[in-house]
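**Student:** Below is one structure. I have some questions about it.
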Amino acid sequence: MSILQLRTFIEVYRQRSFSKAAETLHITQPAVSSHIASLESQIEHRLFVRHARGVHPTNIADDLAAQVGNSIDHAESALARIKSRSSKVGGVVHINGPIDMLSSLLAPHLKPLIDTGIHVRLHPTDGEAILCFLADGRSDFALCLAAPTGDTLNSCLLGEEQVLLVATPVIAARLTSNLEQALAQQPLVAYDLARALVTDWLQHNELFPEQMDEVITAPDLRCLRTLVLAGFGWSVLPEYLVRDDLKRGSLIAVDGPSGNLSMKYHLCWRAGAMRSPRIARVRELLQAQFAQ
């Protein structure tokens with residue numbers, strides 16, 4: 001039983017497909033079949049049942065994957081990190097996520113990657129498309145707010161930011177008394193009609209305005225910041241977007257009865273991707289940047 005055979009097994013288990021595993025591992029499909037057949041012969045149990053659209057793992061496969069999957073990932077990741085430090089790592093890395101996070105949160109931290117010889121391609125995505133884009137192999141990393149579940153994607157926490165209710169000094173002055181009523185009387189700019197972030201902040205503070213007037217909605221937090229600065233209304237935004245505006249006094253953070261929410265953001269990648277020295281190096285560099 002070799003490490004290569006176990007890595008092939010884990011990839012087939014995660015992809016539920018011999019052909020997709022072969023593509024990910026950069027080997028032929030007959031080689032994948034040979035590795036799985038060898039493992040089945042050694043353990044004297046069937047690991048997968050073929051069907052029209054791929055394979056289903058058996059109970060034995062579930063047990064084996066649970067025991068060896070993470071260990072193989074960790075071992076390959078450690079080897080890749082060592083290799084990346086001992087040789088020049090170049091090539092292209094693709095990163096996707098919400099455009100405001102890519103531009104305002106990630107972009108300022110990319111210089112160490114460029115200095116290492118890595119070229120970066122950023123791909124704006126939102127909603128469910130963020131993890132789909134990553135899982136489909138169209139990117140190497142994704143930025144997302146919620147850590148993915150399951151065994152096909154892994155993640156690490158990059159950082160945490162406060163989420164603030166902000167407005168210009170003029171509008172903020174109108175929110176100083178009876179906040180719940182005042183919010184209903186002042187115009188709102190929101191991410192969408194579902195009022196993402198706004199609703200979470202209000203519920204956290206147990207504020208339930210009878211009505212709110214969304215004068216503008218825009219699916220880009222950077223656009224909301226511009227609108228708030230122009231005096232169109234109040235909104236709820238992550239602190240990293242408005243930190244400089246708050247220091248200059250262009251915007252005011254309005255405190256709620258229970259304080260502010262915190263927003264965690266994660267770096268995500270496909271399970272097994274850390275066997276690539278380039279991918280392992282990028283994760284290491286980004287984690288170091290955000291830890292500063």
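The values are calculated or read from the model by the stated rules, or taken from the named source; none is laboratory data. From a predicted model like this one, the values you see are computed outputs, not experimental measurements. Backbone-built Cβ (ideal geometry, glycine too); neighbour counts: all protein chains shown. In case anyone asks, the SASA skips ligands and DNA or RNA and just uses the protein heavy atoms, side chains included. Shrake-Rupley method; radii C 1.70, N 1.55, O 1.52, S 1.80 Å.
**Student:** Looking at 40, 23, can you tell me which residue is over 14 Å from residue 270 (Cβ atoms), surrounded by 14 or more Cβ atoms within 10 Å (Cβ to Cβ) and of a type in the set (D, E, K, R)?
**Tutor:** Numbers: 23 fails: over 14 Å from residue 270 (Cβ atoms).
Answer to the selection: 40.
**Student:** Would you check if there is a residue in the range 186-201 being modelled with pLDDT of 95 or more and of a type in the set (Lys, Arg)?
**Tutor:** no
**Student:** Checking the conditions here, which among 12, 55, 32 is among the β-branched types (Val, Ile, Thr), crowded, with 19+ Cβ neighbours inside 10 Å and out of contact with any Ser or Thr (no Cβ under 8 Å at 6 or more places or on another chain)?
**Tutor:** 12
**Student:** Would you please name the residue that is farthest from residue 150 (Cα to Cα), looking only at residues in the range 44-70 that are touching a helix residue (DSSP H, G or I) at 6+ places or on another chain (Cβ under 9 Å) and part of a helix (DSSP H, G or I)?
**Tutor:** So the residue we want is 60.
**Student:** Now for a different question. Name every residue in the range 226-242 that is more than 22 Å from the chain's Cα centre (by Cα) and surrounded by 15 or more Cβ atoms within 10 Å (Cβ to Cβ), in order of residue number.
**Tutor:** Passing the criteria: 227, 228, 229, 232, 233, 234, 235.
**Student:** Next question. Take the residues in the range 16-61 that are touching a strand residue (DSSP E or B) at 6+ places or on another chain (Cβ under 9 Å) and touching a residue at least 40 places away in the same chain (Cβ under 8 Å); name whichever of them is nearest to residue 276 (Cα to Cα).
**Tutor:** Looking at residues that are touching a strand residue (DSSP E or B) at 6+ places or on another chain (Cβ under 9 Å) and touching a residue at least 40 places away in the same chain (Cβ under 8 Å), I get 24.
**Student:** Tally the residues that are farther than 16 Å from residue 179 by Cβ and open to solvent by less than 70 Å² (accessible area, probe 1.4 Å), restricting the search to the range 192-214.
**Tutor:** Final tally of qualifying residues: 5.
**Student:** Right, something else. Quick one: count up the residues across the range 116-165 that are touching a residue at least 24 places away in the same chain (Cβ under 8 Å) and in a loop (DSSP other than H, G, I, E, B).
**Tutor:** Adding up the residues that qualify gives 14.
**Student:** Can you find even one residue in the range 261-282 that is aliphatic (A, V, I, L, M), touching a His at 6+ places or on another chain (Cβ under 7 Å) and in contact (Cβ under 8 Å) with a residue 40 or more places away in the chain?
**Tutor:** yes
**Student:** Condition first: hydrophobic (A, V, I, L, M, F, W, C) and under 20 Å from residue 250 (Cβ atoms). Now tell me which residues in the range 171-189 satisfy that.
**Tutor:** 171, 172, 173, 175, 188, 189, listed by residue number.
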